[in-house]
Amino acid sequence: MLHAPSEKVATSKVDEAENVRSTSSRTKDLTSKESAECELKAKPKDVESKKKKKESDKVESLKELKKRDKEREALPEKGKEESGLGRNLRELRKYQNIHFDTRDRQGLRVGEERTWRQRRSRYKVSKPPVEVVRPKELSVHIPISVKDLAQAMKLKASELISKLFMQGIAVTINDLLDDVTTIQLLGHEFSCDISIDTSEEQRLRITSKTIQEEIQETDASDLQSRAPVIAFMGHVDHGKTSLIDIIRKSSLAREEAGDITQHIGAFTYRHEQGMITILDTPGHEAFKLMRQRGAAITDILILVIAGDEGIMPQTDESISLAKKASIPLIVAINKCDKPAFDSDNVHRQLADRELLPEVWGGSVITVNCSATTGEGISQLLDMIILQAEMMELKANPHTRARGTVLESQLHRGFGPVATVLVQNGTLKRNHALVFEDVYARVKTMYDEHGMALTTVGPSVPVKITGMSGVPQAGCEFIAVKNEKIARKLTEDRTSGHKHTSLQQHSRGEFEVLLSRQQELAEKKILNIILRVDVQGSIEAIRNALLAIKTTKIELNFISEGVGEVSESDVELALVFNAIIICFHTQVESHAEELIKHSSVIIRRGDIIYQIIDDIKELMLAALDKVRQEIESGTARVKQIFKASQVGAIAGCIIIDGIVKRNQLVKVFRENNMICEGTLTSLKRVKEDVKEVGKGLECGIVLDLFNDYQEEDLIKTFDIHYVQPTL
């Protein structure tokens, strides 16, 4: 029974071979047409032979399968369990010494799947529903996204979005919620009491108390008297720095570029009755933020007024800063050695601003002085010491150091350098400090004379190094246990700011972007890269340039920074077609070579109003010149002539001005302009002329216009391009 299929296969193969031999012999005698017909007849036989071959292969595989089944049945049951035969195809083949061949790879072995593959279930097993337990109380950080809040409340984000939409608040799943009331009301809708977790914010802030609150809550036995911090403020060129020079016997005013102060300075002066810390602030209107920083940390404000000029705009600004901060005011009326000095005028102006002088029965101390002769300087110092004694200024030198950054810069040798004022505690070398987004381990400390210090107490300004970056001018610092903690705090602060800034976005951002692009398409844009010497100058120059009133061009600050101009700055300027501004800084040698071989525009300056003037010139140069058409002559058409080569010729008489060849021409008919072109030909008595004056006749040919009529007016114009204004 089992040998019958093999005999059929053998006979089929023999028949097939004989058919092929007979077919090949017949093809030699037949024509090409007969051979084609024979081939068509032979094709069905080939198909039948292939089918028979496949059937024989299946039979052979079935034989092998039955043989293996008999061998497996012959195995003892214990051997099957130990070897895993019937469940593991690899062990089965290893036992039977069967190799993995092409037929296995192509899946041609019939019936082998049942030896190792488990049949899938036809019906899915129904799982019991999982009950969701929603929290009754929840503590979250703000700002929090709708998605994160929904996950915390075990809800779908769509449920929160629909509730907010019903309250008139349209949000998306990634929008941030920062309103405490909205979050708590949202939790109330789903029976969840939500509280705001501020532990992380308190950790990053280190302390929630200000420096003054910390001093006020300190035990009185730990407080000690400290030196007063005074700030000289007033209008530009009223003699603030000159008064400081004569007090300290220095020459700061001579070192200033343009004889004006452009940086905030901090100095100490040893008086007979104690130390005094002096702050020098700029008087130019662009340095408003510097004056605000000075007023925020000073104890006594010295308002300098020139006696021959009186109160000026920046003087009024200083008075308003003193009133807002509730700072005691001492008025120094300078330049008493000049003939035009008038103290009564200054007293009257002060009284008009609700500052009644002592000489008029008020409470405001006024001192007449001169920075040139030194008159009244000792009296001014006595008034300062007296006012400080009345204020009873104290601090705790035994606590951790806290203070404020007055100014910061990037030094080529020392790296980031900051001038700080210690307001409470004691600062020592190797102390770890935390600024807003910068940390430091104090390496060196220097006073204004360059002398190295190891310990600095309250009310003492000092320059420190060892910071991870350039801190912002005006930010506070606080000492922590070690550098590891300081680094961790600054990294967490920076990552938190980045996360918030990436997620926060305004509604209708796409519409705002489109309107912004439309505005920029109508305006010219001047890209600027700003490099300055100190951090405070960035905001001063930026605000001064943005204060330039114009609607035709817009300033775009590509990059701002402290330090020298580098090669990367020049490459950035090439990409954005930007202008580089250097204020009190230099250009690196490698960048200088790159600037020479490129088209980058660079402007250097040491005085702020020179920088402003240079930028105004560049802004004007970036604007397109305005085209102006000035009428030069008018001709009236009297007769029309036809010419085969040029077409129509207008015979005209000049009724006004002068008509010139190649001028802009406009043709008017009944006060309506019908054509605008160029006067290509101008003739008088068959001769070409360049111009024709009033009262003369001429022939005129215009470019691409032949439809003249009598009494048409032809007006000519001169074109001028005028530089526009901002």
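Quick note: the coordinates plus some simple rules give every number you see, no bench work behind them. Computed from a prediction, not measured in an experiment: that's the story for all the values here. Glycine gets a Cβ as well: all are built from the backbone with ideal geometry, and neighbour counts include every protein chain shown.
Worth pointing out:
- The label point for residue 694 and the one for residue 636, both projected 7 Å from the Cα toward the Cβ, are 1.4 nm apart.
- Stokes-Einstein, applied to the Kirkwood radius of the stretch 402-501 over Cα pairs at a viscosity of 1.306 mPa s and 10 °C, places its translational diffusion at 118 µm² s⁻¹.
- Point-to-point label distance, residue 550-residue 609, nm (Cα→Cβ direction, 7 Å offset): 2.0
- Taking 7 Å steps out from each Cα toward its Cβ at residue 188 and residue 156 produces label points 2.6 nm apart.
- Cleavage-rule hits (trypsin sites (Lys or Arg not before Pro)) in the stretch 198-285: DSSP loop, at most 16 neighbouring Cβ within 10 angstrom: 209, 249
- Pairs beyond 30 Å (Cα-Cα), from 625/690; 147/481; 136/209; 552/660; 338/549: 147/481; 136/209; 552/660; 338/549
- Counting other Cβ atoms within 10 Å as a rough exposure proxy, the listed residues 623, 682 run 623, 682 from fewest neighbours to most.
- Taking every C-alpha pair closer than 8 Å and separated by at least 6 residues, the mean separation divided by the residue count of the stretch 249-342 gives a relative contact order of 22 percent.
- Label point at residue 272 placed 7 Å out along Cα→Cβ; residues across the stretch 352-395 whose backbone nitrogen lies under 15 Å: 376-386
- Potential extension, residue 248-residue 133 segment - 0.36 nm per residue separation minus Cα distance: 34.0 nm
- Net charge contributed by nearby residues that have their C-beta within less than 11 Å of residue 342 (K/R +1, D/E -1): 0
- Distant alpha-carbon pairs in the stretch 509-622 (separation over 24 angstrom), percent: 27
- Cut-off 13 Å, label 7 Å out along Cα→Cβ of residue 485, residues of the stretch 386-412 by amide N: 400-401
- Extension gain, residue 574 back to residue 646 (0.36 nm per residue minus Cα-Cα distance, nm): 20.7 nm
- Farthest toward positive dipole pole in the stretch 509-622 [+1 Lys/Arg, -1 Asp/Glu at C-beta], among 611, 599, 538: 611
- Shown is the FRET efficiency for residue 624 and residue 557, computed with R0 = 30 Å from the Cβ-Cβ distance and rounded to the nearest 0.05: 0.85.
- Counted charge near residue 597, where neighbours are those whose Cβ lies closer than 13 Å (Asp, Glu -1; Lys, Arg +1): -3
- Each other residue within a Cβ distance under 12 Å of residue 330 adds +1 if Lys or Arg and -1 if Asp or Glu, for a net charge of -3.
- Cα gyration tensor, the stretch 227-392 - rounded (a/c under 1.5), prolate or oblate: rounded
- Under 18 Å from a label point set 7 Å out along the Cα-to-Cβ vector of residue 353, the amide N atoms of the stretch 209-252 belong to 231-241.
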